[in-house]
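The values are calculated or read from the model by the stated rules, or taken from the named source; none is laboratory data. In this text the structure is predicted, and so the values were computed from the model without any measurement. Neighbour counts run over all protein chains shown; Cβ positions are idealised from the backbone, glycine included. Side chains are part of the model used for accessible areas, which takes the heavy atoms of the whole protein and leaves out ligands, DNA and RNA. Shrake-Rupley method; radii C 1.70, N 1.55, O 1.52, S 1.80 Å.
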Amino acid sequence: MRNRFDEQLFELNKKIIEMGAMCEEAIASAAKALTTGDVVLAGKVKADSNAIDQMEREIESCCMKLLLHQQPVARDLRLISAALKMITDMERIGDQAEDIAEIVTFLNGHTMEGMEVIGDMARETIQMVTSSVDAFVKKDVTLAEEVITRDDVVDDYFSRVKHGIINLITENSADGEFALDLLMISKYFERIGDHATNIAEWVIYSVTGTRKEV
Amino acid sequence: MSNIISVKDMCLWYGEHQALKNINIEIPKKSITAFIGPSGCGKSTFLKTLNRMNDLIPNVKITGDIRYEDTDIFSPKVDVNHLRKEIGMVFQKPNPFPMSIYDNVAYGPRTHGITNKIQLDEIVEFALRDAAIWNEVKDRLKKNALGLSGGQQQRLCIARALAVQPKMLLMDEPTSALDPISTSRIEELVMELKEKYTIVMVTHNMQQAVRVSDYTAFFLLGELVEFEKTDNIFSQPQDKRTEDYITGRFG
């Protein structure tokens, strides 16, 4: 009985890793489309996001089945309940990548000159998502804690982007709409960082059984 | 919460074989404690020690200290019959006496000298009500108890244990011989009983321990490995052996 359960948990693990990889790819594509202005690539992110939604459903049903069939306790229960929470964050990451890509299609060839910091912010958030999924795979509490710390770096980037946008509007008020689009994009990246932080917190819970104090 | 049972450094031998090793535990009053562990781990032995049922087995040697409400249960001053009246027992297989439902419940009070019919009637009704079986049997109290279903028989046995007004009930796998509906009735009953009584229950059904008990004690090879609040044991066990057992990695 335990062997079968172990196999099912292994499958669940594999699916979560796969969903994590899908999220990384969606954000990377959105970020690349943003920096290169590649509208076709931006259009592809919508499909990525739909696939992520589909994966969320699959993992959800896998978890429900395990709860029903195996009535897990202790670390098994923590793993499955953490998985159920983590996939919600992953699904949101997919949505936000899609939102970013959608804005890219409206930018009409505006260049990111002077706003390279958004690219840095994108790289940092992608790294956070990658590390949070890695921490899950390796059950690595230290790596998960690093992700949580890095959220401050992303928040700093967000402040810098805001200042950049203020300058942009001051210098050319006709670019107001573009400035607002950039603000939205950077806010989405900032939210992706928050979701990666949540994932890292669930990894810590799954391994140690304790939740970070609010 | 104050404790009803306090055990210190208790060991038990069956002849040469040591069945319990240095048990230390405090059982809180008016709570449900589940004893879990693989077969032969000593949990039933320990349960039966609490009301000195093990006295009946030859070659048993017990050391250490067991206190029931601050009284050493092995003190020569302790009347074993009185101890067993205070700490009742319910077994795995329902074992009603081959007599009427009424006489089953009245048996204990009668052996303790109660003969007054009105008083006995009151006790029988109170015990059957507390065991959540009164409504099912009130019209057939004179019928033979062996005609009841397994689940009803088990509740009758609980009523029989309650009739002598114990403070504590020891239950050795009380639902393992019952169907799921009877099991759930007994589980509900046990949860109601903790308002008035302290319950200690041996169970092989892990989900039952999770559903019903406030505290769980995990026994392995005669040792008490972990004793904790049930929610903690089943979400965050501290000992790897507990974790391995409850997650089905051995046992």
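Using only the alpha-carbon atoms, how far is helix A:176-208 inclined from the longest principal axis of chain A? Give it as 0 to 90 degrees, nearest 10.
Relative to chain A, helix A:176-208 is tipped by roughly 20 degrees.
Considering only C-alpha atoms, what is the centroid distance from region A:1-56 to region B:140-164, in Å?
Centre-to-centre (Cα) distance: 60 Å.
Taking chain B as a Gaussian network, where each spring joins two C-alpha atoms under 10 Å apart, which residue of B:22, B:95, B:116 fluctuates the most?
Among B:22, B:95, B:116, the largest mean-square fluctuation in the Gaussian network model of chain B belongs to B:116.
Helix A:117-138 sits at what angle to the longest principal axis of chain A, using alpha carbons and giving 0 to 90 degrees rounded to 10?
Its long axis makes an angle of about 0 degrees.
Based on the inverse mean of 1/r over its pairs of different Cα atoms, what is the Kirkwood hydrodynamic radius of chain B, in Å?
Result for chain B, one decimal place: 18.7 Å.
From the helices alone, meaning DSSP H stretches of at least four residues, give me the mean residue ellipticity at 222 nm for chain B, per-run term -39500 (n - 2.57), in deg cm²/dmol to the nearest 500.
It lands at -10000 deg cm²/dmol.
Nearest 10 degrees, 0 to 90: what angle lies between the long axis of helix A:141-171 and the longest principal axis of chain A (Cα atoms)?
Between helix and principal axis, roughly 20 degrees.
Using only protein heavy atoms and a 1.4 angstrom probe, determine the accessible area buried between B and A, summed over both sides, in Å² to the nearest 100.
1000
Pick from B:72, B:214, B:239: which residue has the top mean-square fluctuation in a GNM of chain B where Cα pairs under 10 Å get a spring?
Top of the fluctuation ranking is B:239.
Do the alpha carbons of any pairs in A:187/A:212; A:139/B:43; A:212/B:8; A:65/B:30; B:61/B:240; B:43/B:117 sit beyond 29 Å of each other, and which pairs?
Distance filter (> 29 Å) returns A:139/B:43; A:212/B:8; A:65/B:30; B:61/B:240; B:43/B:117.
Report, ordered by chain and residue number, the lysines lying within cross-link reach of residue B:77, taken as a straight Cα distance under 18 Å and ignoring same-chain residues fewer than 8 apart.
Answer for residue B:77, where 18 Å is the Cα cut-off: B:85, listed by chain and number.
When the accessible area of each residue in region A:67-103 is compared between its chain alone and the complete protein assembly (1.4 Å probe; ligands, DNA and RNA ignored), which residues differ by at least 40 Å², being lower in the assembly?
Buried-area filter returns A:71, A:73, A:74, A:75.
So with the 1.4 Å probe, I'd like the accessible area per residue for the protein assembly as shown, rounded to whole Å².
So the protein assembly as shown comes to 47 Å² accessible per residue, rounded to a whole number.
If you take the charge dipole of region A:148-214 about its Cα centre, with +1 on Lys and Arg Cβ and -1 on Asp and Glu Cβ, which of A:178, A:168, A:210 is farthest toward its positive end?
Of A:178, A:168, A:210, it is A:210.
With θ set to phi - 60° and the Karplus curve 6.51 cos²θ - 1.76 cosθ + 1.60, what are the ³J(HN,Hα) couplings of region B:184-193 in order, to the nearest whole Hz, using x for Gly and Pro?
Karplus-based 3J(HN,Hα) across region B:184-193 equals 5, 5, 5, 4, 4, 4, 4, 5, 6, 4 Hz.
Quick one: Cα centre-to-centre distance for region B:165-194 and region A:82-115, in angstrom?
55
When Rg is the radius of gyration of the Cα atoms in chain A and Rh is its Kirkwood radius, what does Rg/Rh come to?
1.05
Return the residues of region B:233-251 for which accessible area with all protein chains present is lower than in the chain on its own by 10 Å² or more; set the probe to 1.4 Å and exclude ligands, DNA and RNA.
So the qualifying set is B:234, B:235, B:236, B:243, B:246, B:247, B:248, B:249.
Give me the tail of P(r) for region B:123-248 as a percent: Cα-Cα pairs with distance above 19 Å.
Value for region B:123-248: 52 percent of Cα pairs lie more than 19 Å apart.
Tally up the carbon and sulfur contribution to the accessible surface of the protein assembly as shown as a whole percent, 1.4 Å probe, everything protein left in place.
51
Rank A:155, A:140, A:175 by mean-square fluctuation in a GNM of chain A with C-alpha springs under 10 angstrom and give only the top-ranked residue.
Fluctuation is largest for A:175.
Go through region B:78-93 residue by residue and turn each phi into a ³J(HN,Hα) via Karplus (6.51, -1.76, 1.60, θ = phi - 60°); whole Hz please, and just put x for glycine and proline.
Couplings: 7, 7, 4, 4, 5, 4, 6, 6, 6, 10, x, 9, 10, 9, 4, 9 Hz.
Can you give me the long-range amide H partners of residue B:171? Hydrogens built in the peptide plane at 1.01 Å from N, cutoff under 5 Å, separation of 5 or more residues or another chain.
Close amide H contacts, sequence-distant or interchain: B:90, B:200, B:201, B:202.
Could you tell me how far the Cα centroid of region A:125-146 sits from the Cα centroid of region B:50-75, in Å?
Between the Cα centres of region B:50-75 and region A:125-146 lies a distance of 54 Å.
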